[in-house]
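Asker: Take a look at this one; I'll ask things after.
The values are calculated or read from the model by the stated rules, or taken from the named source; none is laboratory data. Predicted model only: the values in this text are computed from it and were never measured. Don't worry about glycine lacking a Cβ; one is built from the backbone with ideal geometry, like all the others, and counts go over all protein chains shown. We work out accessible area using only protein heavy atoms, side chains counted, and drop any ligands, DNA or RNA first. Shrake-Rupley method; radii C 1.70, N 1.55, O 1.52, S 1.80 Å.
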Amino acid sequence: QVQLVESGGGLVQPGGSLRLSCAASGSIFSINAMGWYRQAPGKQRELVARITSVGSTNYADSVKGRFTISRDNAKNTVALQMGSLKPEDTAVYYCNADIRGSKWLRETNYWGQGTQVTVSS
């Protein structure tokens, strides 16, 4: 079994920063893309940022220049450094990854349980 466990959410004032981390554990042969999504109340889940196994990144337009995604392939982790936070960044943030459990298996897409980020004064 594979698990994605997020950490680092919380309450922050507008203009502040937070760092989210996600660690993949379990039976892992390889990890392709990893990313972060978010879902605000009453809205659909949306992509925030994604990073491939070789480090190529893409970001939602709303976070470009403010958020940075990174990963440590040796530790099977992905992080999201968030800066210049705005109230509209308030959401539950989910870690996501495409993981192969063994060389004989296809990739499976996994989700973490989510971590709340609240931007408010």
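Asker: Within the stretch 78-95, count every residue that is among the β-branched types (V, I, T), part of a strand (DSSP E or B) and either closer than 22 Å to S120 by Cα or open to solvent by 40 Å² or more (accessible area, probe 1.4 Å) (or both).
Answerer: Of the residues in the stretch 78-95, 1 are among the β-branched types (V, I, T), part of a strand (DSSP E or B) and either closer than 22 Å to S120 by Cα or open to solvent by 40 Å² or more (accessible area, probe 1.4 Å) (or both).
Asker: Taking into account only those residues within the stretch 50-76 that are assigned to a strand (DSSP E or B) and not β-branched (V, I, T), which is least open to solvent (accessible area, probe 1.4 Å)?
Answerer: Filtering first and then ranking leaves F67.
Asker: Please go through the stretch 105-121 and give me each residue that is of a type in the set (A, V, I, L, M), out of contact with any Pro (no Cβ under 7 Å at 6 or more places or on another chain) and open to solvent by less than 70 Å² (accessible area, probe 1.4 Å), ordered by number.
Answerer: The one that is of a type in the set (A, V, I, L, M), out of contact with any Pro (no Cβ under 7 Å at 6 or more places or on another chain) and open to solvent by less than 70 Å² (accessible area, probe 1.4 Å): V117.
Asker: Would you point out which residue out of P14, P41 is open to solvent by 40 Å² or more (accessible area, probe 1.4 Å), more than 17 Å from T68 (Cβ to Cβ) and at pLDDT 95 or above?
Answerer: Numbers: P41 fails: at pLDDT 95 or above.
Just a single option satisfies the conditions, and that option is P14.
Asker: Restricting attention to the stretch 4-49, which residues are of a type in the set (S, T, N, Q) and in a strand (DSSP E or B)? Step through it out loud before you land on a result.
Answerer: Kept after step one, since they are of a type in the set (S, T, N, Q), are these residues of the stretch 4-49: 7, 13, 17, 21, 25, 27, 30, 32, 39, 44.
If the condition is that a residue be of a type in the set (S, T, N, Q) and in a strand (DSSP E or B), then S7, S21, S25, S30, N32, Q39 are the ones that fit.
Asker: Additional query: So S62 clears everything in (1) closer than 29 Å to Q1 by Cβ; (2) among the hydroxyl-bearing types (S, T, Y); (3) out of contact with any Gly (no Cβ under 9 Å at 6 or more places or on another chain) except one condition, right? Which one?
Answerer: Answer for S62: the failing condition is (1).
Asker: Do the conditions hold for V5, that is, is it open to solvent by 50 Å² or more (accessible area, probe 1.4 Å), β-branched (V, I, T) and closer than 17 Å to Q116 by Cβ?
Answerer: Against the criterion (open to solvent by 50 Å² or more (accessible area, probe 1.4 Å), β-branched (V, I, T) and closer than 17 Å to Q116 by Cβ), V5 qualifies.
Asker: Scan the stretch 90-118 for residues that are under 17 Å from the mean Cα position of the chain (by Cα) and touching a residue at least 40 places away in the same chain (Cβ under 8 Å) and report the count.
Answerer: The total comes to 20.
Asker: Out of all the residues in the stretch 54-66, is one or more β-branched (V, I, T) and closer than 17 Å to W111 by Cβ?
Answerer: no
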